[in-house]
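Step one of this worksheet: look at the structure below.
Taken together, the values in this text are just the output of simple stated rules run on the coordinates, not laboratory data. What you are looking at is a predicted structure, and each value in this text was computed from that prediction instead of being measured. Every residue, glycine among them, receives a Cβ derived from its backbone with ideal geometry; neighbour counts consider all protein chains shown.
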Amino acid sequence: MCGIVAVTGYKKALPLLINGLKKLEYRGYDSAGVAIINTETKNIICNKAEGKLKNLINSISNTKIDGTVGIGHTRWATHGKPKVKNAHPHIDSSGKVAVVQNGIIENYQELKTNLEKEGIVFNSDTDTEVIPHLIQKELIALSQLNLKNNGSTLLVAVRNVISDLEGSYALAVLWAGAPDSLVVARKQAPLIIGLGEGEFICASDTPAIANFTNIILPMEDEEIALLNPLGIEIY
Ligand code: GLU
């Protein structure tokens, strides 16, 4: 049982993510991490720390992290020891896709072995890390179609990847190629969307959202959603 939180909108993401994670720490305190898309460079900036959320907060207290789109995680380890290398968010080899996950990917070993045969190098022992690598692979395949990159491209990539995942999970995904967007999905693990003023916040549980809005949309099982500051699409 981990806690995930994700935000897109017009306000700074870091305080919203940290606030949300504080309310989710009961779901796990092996490590905590955040990934935010830098407003100017559009690069993903990821910070993680072992142990309780306060360790993450202390480690970034002197760091300026400007961005309005981000994801956060507080971990209760199931696969891989409670170490920084296993802390979420997990990032693909290009550094452009970041993922947080609550749940267990039952067939991760088979997926990991296939990716390793293709030359992908893994940085963690978790079940989760297969997801960003698989999404990046899908994004490369989609780029052959010469479509304009946007959140819908990410939505399609995530949809294709989760159709190959076995297990129960809730996840949130960032992609530097669509820096305003977030994709979230759930299967037998909780995920809710809060409709705030100038932002959408997605989280594992209502306390993480309660400070921001009382308009909450619970996602149905096996739904996937694309969020950007202008609206939400749920499939
Ligand atoms: N299986 C993931 C991990 O070990 C998520 C854990 C969880 O949801 O409790 O990192």
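Assign one of three labels to segment 1-129, namely rounded, prolate or oblate, based on the Cα gyration tensor with a ≥ b ≥ c the square roots of its eigenvalues; rounded applies when a/c is under 1.5, prolate when it is not and a/b is larger than b/c, and oblate otherwise. Cα axes put segment 1-129 in the oblate bin. Taking 26 Å as the cut-off for C-alpha to C-alpha distance, list the pairs among LYS54/LYS83; LYS23/LYS187; LYS117/LYS187 that go past it. Correct reply: LYS117/LYS187. Spherically averaged projected area of the convex hull of Cα atoms, segment 56-194: 9.1 nm². For the chain, the membrane-span-like helix rule (DSSP H, alpha carbon extent of at least 18 Å along the helix axis, mean Kyte-Doolittle at least 0.5) picks out 130-143; this says nothing about an actual membrane.
Counting beta carbons within 10 Å around each of VAL121, VAL99, VAL7, VAL84 and listing the fewest first gives the order VAL121, VAL84, VAL99, VAL7.
What shape does segment 167-235 have by the C-alpha gyration tensor, where a ≥ b ≥ c are the square roots of the eigenvalues, rounded means a/c under 1.5, and otherwise prolate means a/b greater than b/c and oblate the rest? Since a/c reaches 1.5 but b/c is at least a/b, the shape of segment 167-235 is classed as oblate. Using only alpha-carbon positions in segment 74-121, the gyration tensor eigenvalues give semi-axes of 19, 15, 10 Å once each is multiplied by 5 and square-rooted (largest first).
In terms of its alpha-carbon gyration tensor, the chain comes out rounded; the largest-to-smallest axis ratio a/c stays below the 1.5 threshold.
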